[in-house]
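Asks: Below: one structure in structure tokens.
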Amino acid sequence: MEYKVVPFIAKIDKGQGAEDAANQLQELINKNSGKDWEYVRMETIDIVVHDPGTKGCFGLGMVPPSDSSMKYDMVVFQKK
């Protein structure tokens with residue numbers, strides 16, 4: 001089997017809700033399905049972004065290294 005993974009982030013305006021986000025997901029699935037591709041599931045992945053920081057000039061403006069965590073939703077399709 002072959003797989004493809006497509007990121008999904010719903011973008012809604014103030015006053016919109018879950019139905020609008022669901023419609024966006026539906027559009028993404030419909031757009032990527034077909035031609036032997038079939039929707040499998042949605043997965044959430046954790047990503048750790050490392051910022052090495054900066055030394056600054058003579059220690060002024062120094063930014064220490066840090067890690068931040070982010071979550072992304074990914075839609076998985078498969079081709080048989």
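Asks: Please specify each residue of segment 1-32 satisfying the condition of being acidic (Asp, Glu) and touching a residue at least 24 places away in the same chain (Cβ under 8 Å).
Replies: Looking only at segment 1-32, we keep the residues that are acidic (Asp, Glu), and these are 2, 13, 19-20, 27.
The one that is acidic (Asp, Glu) and touching a residue at least 24 places away in the same chain (Cβ under 8 Å): Glu2.
Asks: Another question, then. One residue is enough: does segment 18-26 have a residue meeting the conditions out of contact with any His (no Cβ under 9 Å at 6 or more places or on another chain) and either part of a strand (DSSP E or B) or exposed (fewer than 10 other Cβ atoms within 10 Å of the Cβ) (or both)? Spell out the reasoning first.
Replies: If we filter segment 18-26 for residues that are out of contact with any His (no Cβ under 9 Å at 6 or more places or on another chain), which is where we start, we get 18-26.
Right, trim to either part of a strand (DSSP E or B) or exposed (fewer than 10 other Cβ atoms within 10 Å of the Cβ) (or both) and you get 18-19.
Yes.
Asks: Would you say Tyr3 is of a type in the set (Phe, Trp, Tyr), exposed (fewer than 11 other Cβ atoms within 10 Å of the Cβ) and not in a loop (DSSP other than H, G, I, E, B)? Break it down stepwise before answering.
Replies: Details: of a type in the set (Phe, Trp, Tyr): yes; exposed (fewer than 11 other Cβ atoms within 10 Å of the Cβ): yes; not in a loop (DSSP other than H, G, I, E, B): yes.
When the stated conditions are applied, Tyr3 passes them.
Asks: Please state which one of Ile29, Ile12, Ile47 is of a type in the set (A, V, I, L, M, F, W, C), loosely packed, with under 11 Cβ neighbours inside 10 Å and at negative phi.
Replies: Working: Ile29 fails: loosely packed, with under 11 Cβ neighbours inside 10 Å; Ile12 fails: loosely packed, with under 11 Cβ neighbours inside 10 Å.
Matching residue, one of Ile29, Ile12, Ile47: Ile47.
Asks: In segment 40-80, what count of residues is obtained for those that are closer than 30 Å to Ala10 by Cα and part of a strand (DSSP E or B)?
Replies: Selection size over segment 40-80: 26.
Asks: Among residues belonging to segment 32-44 that are exposed (fewer than 10 other Cβ atoms within 10 Å of the Cβ) and either in contact with a Phe, Trp or Tyr (Cβ under 9 Å, 6 or more places away or on another chain) or at pLDDT 95 or above (or both), point out the one that is farthest from Met74 (Cα to Cα). Break it down stepwise before answering.
Replies: First, the residues of segment 32-44 that are exposed (fewer than 10 other Cβ atoms within 10 Å of the Cβ): 34-35, 41, 44.
Those left that are additionally either in contact with a Phe, Trp or Tyr (Cβ under 9 Å, 6 or more places away or on another chain) or at pLDDT 95 or above (or both): 41, 44.
Working: Arg41: 9, Thr44: 6 Å.
Here the residue is Arg41.
Asks: While we're looking at this one, here's another question. Would you point out the residue of segment 50-73, among those that are surrounded by 10 or more Cβ atoms within 10 Å (Cβ to Cβ) and acidic (Asp, Glu), that is farthest from Val5 (Cα to Cα)? Please lay out each step first, then the result.
Replies: Kept after step one, since they are surrounded by 10 or more Cβ atoms within 10 Å (Cβ to Cβ), are these residues of segment 50-73: 51, 53-56, 62-63, 66, 72-73.
Going one step further and asking which of them are acidic (Asp, Glu), we end up with 51, 73.
Details: Asp51: 26, Asp73: 10 Å.
Residue satisfying both the conditions and the ranking: Asp51.
The values are calculated or read from the model by the stated rules, or taken from the named source; none is laboratory data. All values derive from a computational prediction rather than experimental measurement. In this analysis, Cβ positions are derived from the backbone assuming ideal geometry, glycine residues included, and neighbour counts consider all displayed protein chains.
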